[in-house]
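The values are calculated or read from the model by the stated rules, or taken from the named source; none is laboratory data. The shown structure was predicted, so the numbers you read here are calculated from the model rather than taken from an experiment. Note that each Cβ is placed from the backbone with ideal geometry, even for glycine, and that neighbours are counted across all protein chains shown. Areas reflect the complete protein model, heavy atoms only, side chains present, ligands, DNA and RNA absent. Shrake-Rupley method; radii C 1.70, N 1.55, O 1.52, S 1.80 Å.
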Amino acid sequence: MLNRIRQLRKQKNLSQKEFAKDFNEYVSKNEMDITPINFSVVSKWETRKSAPTKATYKALAKYFNVNEIYLRGAYSKEEIGKLVQGRRLDDVKQEKGRLFLIFMPVTSETIENYLIAIGVIPYDIPKEKDLLTNEQINSINFWVKNLELLYNDVAMQWLITKPSLDASKEDVLSAVNSAMNTVINASITSYNRYDAFNYTYEMDKVVENHYMQKRLEFLKKHEYWDDVEVDEGHWEKYPVYDFEHPHLLDGKKYYIEDSKHFYFDENNKRHYID
C-alpha cells in the first residue's frame, strides 16, 4: 500500500469528485500554494498511476489529520497492534470451531511467550496455553502498549518509517514473529547485540529477569507423559501438565499416573495422596 488516500477518502464517505472539491476548498481556505485537483487526478493517485508532489502530500496529511509517512503507506503502531490482536482473536474463533487457519505467520504461543518474557503474563501461571484474559485480548491499548519493545527491531522500524516497503499483512506478522522470538530467546539465555535489534534498557530487564527461562522450568516441574492416539491404533507419548502435582527436576521422565499418587512441596518433600 504505497499511499492511503483511497482508504482515508472512504473513511470520510466522499466520492473522488467530492473529495477533490473538498480538498481544493481546504487548500484555498488555508492559502496553500497547491495546484487544484479533480477526480481524474485522485483516481491516478489511488491507482498509483501518478503520485502527489511533496508539497501536496504535506497538504493532504494536514487535510486528513494524519502523519505524512502514514499517508504515504507506512504502518502505524496502532495498525500493527490491531493485526496482532486480530491474530489472537482468530485463535479464539478457531477454538470455538468457527475458523480454520492455514497460514499463521505468528502463533498464539509465540505471542504469549513474548508477553511472559516482558513480564506481562506471570511466568508461573498454572495453565499451559490461553494465558490471556478476554479483556486483554479485546483491548487495542493493551496490544499497542506491550508491542512497543518490538520497534527496536530494524524490520519493525521499517514498517512504521518506510512507505516504499508496501508490506502485506503476512509481511507485518512475519516481522512481528521474528522480533518476538528475539525477545523470547533473550529471556531464555542471554542476548547478543545483534545489529538487527537495538539493545535497550527494556531488553536489559528482559535478560536480567529471564522470565521465559523460569517459565520453562516451572512447566517442566508439572510435565508428565501420556499415551495419545494420534491415528487409529497408533499411539504416541506426548507431554501433559498437572499443575496440582509438581515433581522433582531430576531429569527423569514422569508419567501421568505418577501424578495421581504423590506430589512434591517447595522443599522437594514427597507427599502421598490417599
Log10 I(q)/I(0) at q = 0.14, 0.18, 0.22, 0.32 Å⁻¹ for region 136-180, from Debye over equal alpha-carbon scatterers, is -0.34, -0.56, -0.79, -1.16
Taking Cα atoms, the helix 54-64 axis meets the longest principal axis of the chain at an angle in degrees (rounded to 10) of 70
For LYS93, the lysines lying under 28 Å Cα to Cα, once residues fewer than eight places off in the same chain are dropped, come out as LYS77, LYS82, LYS127, LYS129, LYS145, LYS169
Magnitude of the Cβ-charge dipole (Lys and Arg +1, Asp and Glu -1) of the chain about the Cα centre, nearest 20 debye, reported as 2020
Number of Lys pairs in region 5-57 closer than 15 Å at Cα, excluding neighbours under 8 places apart unless interchain, is 4
Treating every alpha carbon of the chain as one equal point scatterer without solvent, the Debye formula yields log10 I(q)/I(0) values at q = 0.07 Å⁻¹ of -0.41
Within the chain, excluding any chymotrypsin sites (Phe, Trp or Tyr not before Pro) found in a DSSP loop (not H, G, I, E or B) and having at most 11 other Cβ atoms within 10 Å, the longest uninterrupted segment runs 104-274
Taking protein heavy atoms only, a 1.4 Å probe, and rounding to whole percent, the accessible area of the chain owed to carbon and sulfur comes out at 48
Out of VAL66, ILE121, LEU83 - ranked by how far each Cα lies towards the positive end of the dipole of region 10-135, with unit charges on the beta-carbon of charged residues - the top one is VAL66
Here, trypsin sites (Lys or Arg not before Pro) of region 111-189 satisfying both criteria (DSSP loop; at most 15 other Cβ within 10 Å) are LYS127, LYS129
In degrees rounded to 10, the 0-90 angle between helix 108-117 Cα long axis and the longest Cα principal axis of the chain is 80
Computed for region 3-150: size of charge dipole around the Cα centre, +1 on C-beta of each Lys and Arg, -1 on C-beta of each Asp and Glu, debye to nearest 20, value 860
Checking THR53, THR161, THR110 against a Gaussian network model of the chain (alpha-carbon springs below 10 Å), the top fluctuating residue turns out to be THR53
Computed on Cα atoms, the radius of gyration and Dmax of region 13-88 in angstrom are 14.4, 47
Expressed per residue, the solvent accessible area of region 154-274 in Å² (1.4 Å probe) is about 64
Out of ARG72, ARG215, ARG48, a Gaussian network model of the chain with alpha-carbon springs under 10 Å gives the largest mean-square fluctuation to ARG48
Heavy-atom accessible area per residue of region 17-60, all protein chains kept, 1.4 Å probe, expressed in Å², is 68
Using alpha-carbon coordinates alone, the radius of gyration and Dmax of region 116-227 in Å work out to 15.8, 52
Per residue, the convex hull enclosing the Cα atoms of region 1-132 spans a volume in Å³ of 154
Toy charge model, Lys and Arg Cβ at +1, Asp and Glu Cβ at -1: region 37-93 dipole around Cα centroid in debye, rounded to 20, equals 180
The answer for GluC sites (Glu not before Pro) in region 1-78 that fall in a DSSP coil and have at most 11 neighbouring Cβ atoms within 10 Å is GLU31
Restricting to aspartates and glutamates and to Cα separations under 20 Å from LYS237, and discarding same-chain partners fewer than 8 apart, the set is GLU128, GLU223, ASP226, ASP227, GLU229, ASP250, GLU257, ASP258
Mean-square fluctuation maximum in Gaussian network of the chain, Cα pairs under 10 Å, restricted to VAL228, VAL41, VAL92, hits VAL228
